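This report concerns only the one structure given below.
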Amino acid sequence: MKSTTKIIGTCITILFLFSQCKHSEYNAKTPMMGWSSWNTFRVDINENLIKETADAMVEKGLKAAGYTFVNIDDGYFGGRDTLGNLQYHTGKFPNGMKAVADYIHAKGLRAGLYSEAGENTCGSIYDNDRYGVGSGLYGYENQDCELFFNQWGYDYIKVDYCGAEVQGLDEKTQYTKIRNAITNSGKEGIRFNVCRWMFPGTWVTEIADSWRISYDIANKFDGNLGIFDIVEKNLYMSAYASPGHFNDMDMMQIGRNTLTIDEEKSHFGLWCILCSPLMIGCDLRTIPQRTLDIITNREIIALNQDPLGLQAQVVSRSGKCIVLAKQIETAQGKVRAVALFNGENTAHSMRINFNDIQLSGNVTVRDLWTKKDVGSFTDYYEISIPAHGTAMLRVEGESSFDKTAFEGEDAFLNNFTAINPVNNARVSEKSNASGGHIISRLGGSPDNWAEFRNVHSSTSGEYELTVYYYSAEERSLSVIINDKEHIMANLNTNDWDTQGTETILIKLRKGNNVIRLTNPTEHAPDIDRIELKLITM
């Protein structure tokens, strides 16, 4: 939970190319959809509210649209008894937490719960909820997970970090302990959300179904932690998502009578194409009809629930106008989802160039808001987007071709963390880089590497691989393609603003290839991008 601030950007045309998403049980390979209590109610929750919300999810068509989780956030705690057993607040939940879970399940929905990685909950620290003191998981991991999942019957848990931060706990150690406790409960299919308020490290992709990438979302479009700011934080995180494991952009602020209709559509559409969990945060009992119409649009929901589980990538941007795209429906197929996002305060004409998303021939464009085909186009599609608005498109080409240019900001950085990154590789802004960003601080240790994991080749063959880099001193780079190493030595452009290139001959196999950039002993050059050119098949 916890709140803080930050901004970025200007006009955003967003095209999402691919990036993957990973897990298992029920439909756990796609982002979860549902409702959570925190945005609107904070710790002021009770049994009737939760039951009425479950009723509303069914009655208002949300369950039919795919929203199945009812998540009880902070505020239900009743402290611990003298033996350390966790209690619920009997004044707020007189029939107990199991009875509430049973009620939710009887509606054909799934029940979610909240806890804290440390000793004291966020509500106890920020909302004066004295019953949250000592109610966290710390020291009671196995005991509480047995209670939550087997005795009370819950299906999901969000685990916060307010108390753990105060205690100075190590994130990886404590969250892994909680993951193990969930597994030890023996209940299958539990969804686990790590709420550390920023990306804690690539280890989280191995233990959690989703993880927060920012502090709590604000109920506004612009400004620190507004809609635009949250989107900005997730633009270059696609490499860490895979089926069943997703970057969580936080509960949606849609339906709270603050955003305009264009802003609500952008909010929802971008959460969908960026593969974030879709958790509604408003009061469902009074949700406006216009908001219901937006969040039950099945064609846009389909982008979020697409079986490929890919998070969209940035295709191009100019200021706050961002174009995003990703493959949908069939891997390496002819269909893309595209978002043209105008984050500016005035209308802008925005374009998607089909060559940038590897489509050719006549390309059919469908407007997902109107659910109508717009027509057939060649080369590009262009449209005027209102201020803070987003066009959501399905585009299908006559044919597709292999992607040959890969931006550094879309690579998987093995040691990346947003928490005290020190000398770990990271994405940094660079005005003269092709996508406005580079990989900096690469190398210097065996595990501080970058990988492009979705380099697809329709045929095996010999390629020229060109690395675009920056280096003010002589540095070397190890390029490993499918476990075969190539060394680029003496890379030097004499300053950090001049770009250089180095080309080597490599072989790619038919299908998927992995290209790793590293230097296990010294720092490597800063990386803008890599490009491939087929020489012989």
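Miscellaneous remarks
- Inter-part distance, the range 441-490 to the range 333-380, computed on C-alpha centroids, equals 32 Å.
- Rel. contact order, % - alpha carbon contacts under 8 angstrom, at least six apart, the chain: 15
- Environment charge of Phe452, counting only residues whose C-beta is closer than 14 Å and scoring Lys/Arg +1, Asp/Glu -1: -3
- Neighbour-count ranking [beta-carbon atoms within 10 angstrom, fewest first] of Met33, Met57: Met33, Met57
- Pairs beyond 28 Å (Cα-Cα), from Lys63/Lys371; Lys51/Lys372; Lys60/Lys158: Lys51/Lys372
- Set of the range 111-129 residues, backbone N closer than 18 Å to the point 7 Å along the Cα-Cβ line of Lys177: 115-122
- Gain upon complete extension [Arg453, Asp55; 0.36 nm per residue less C-alpha separation]: 138.9 nm
- Two-site FRET efficiency, Ile480 against Ile261, from Cβ-Cβ distance with R₀ of 60 Å, rounded to 0.05: 0.75
- Total charge dipole magnitude, the chain, about the Cα centre, Cβ charges on Lys, Arg, Asp, Glu only, Debye to nearest 20: 980
- In order along the range 190-201, phi translates into HN-Hα couplings of 6, 8, 10, 10, 8, 9, 9, 6, 6, 5, x, x Hz, rounded to whole numbers, per the Karplus curve 6.51 cos²θ - 1.76 cosθ + 1.60 with θ = phi - 60° and x for Gly and Pro.
- For the chain, the share of DSSP beta bridges that are antiparallel, to the nearest 5, is 75%.
- Degrees between helix 261-273 axis and first principal axis of the chain (Cα, 0 to 90, nearest 10): 70
- Other residues with beta-carbon under 15 Å from the beta-carbon of Asn353 carry, at +1 per Lys or Arg and -1 per Asp or Glu, a net charge of +1.
- Pairwise centroid distance, computed over Cα atoms, of the range 291-307 with the range 381-432, Å: 22
- Principal axes of the range 405-536: Cα extent on each, largest first, Å: 41, 30, 27
- Computed from Cα atoms, the angle from the helix 171-184 axis to the main principal axis of the chain rounds to 60 degrees.
- Order of Thr205, Thr53 under a 10 Å beta carbon neighbour criterion, fewest first: Thr205, Thr53
- Proximal charge balance of Lys320 [Cβ under 10 Å; K/R count +1, D/E count -1]: -2
- Equivalent ellipsoid dimensions for the chain as semi-axes, Å, which come from the Cα gyration tensor, largest first: 40, 28, 20
- Restricting attention to the range 405-536, the count of lysine pairs at 8 or more positions apart or across chains with alpha carbons under 21 Å apart stands at 5.
- Among the trypsin sites (Lys or Arg not before Pro) in the range 455-537, those placed in a DSSP loop whose Cβ has at most 15 other Cβ atoms within 10 Å are Arg509, Lys510.
- Leu49, Leu278 arranged by Cβ crowding within 10 Å, fewest neighbours leading: Leu49, Leu278
- Length released on extending from Asp222 to Thr501, taking residue separation times 0.36 nm less the Cα-Cα span: 96.6 nm
- Separation between Cα centres of the range 508-526 and the range 114-158, rounded to whole Å: 42
- The range 405-536, relative contact order in percent, only Cα pairs under 8 angstrom and at least six apart counted: 35
- Qualifying aspartates and glutamates (Cα of each under 18 Å from Cα of Lys29; at least 8 residues distant if same chain): Asp155, Glu188, Glu206, Asp209, Asp248, Asp306, Glu329
- A simple spin-label model places pseudo-atoms 7 Å from Cα toward Cβ; at Ser376 and Thr466 they are separated by 3.5 nm.
- Taking label points 7 Å from Cα along the Cα-to-Cβ direction, Gln151 and Tyr126 give a separation of 2.9 nm.
Laboratory data are not the source of any read-out in this text; all were calculated from the coordinates shown. Note that the structure is predicted; figures quoted are calculated from it, not measured. Because the Cβ atoms are built from the backbone with ideal geometry, glycine has one as well, and the counts that use them run over all protein chains shown.
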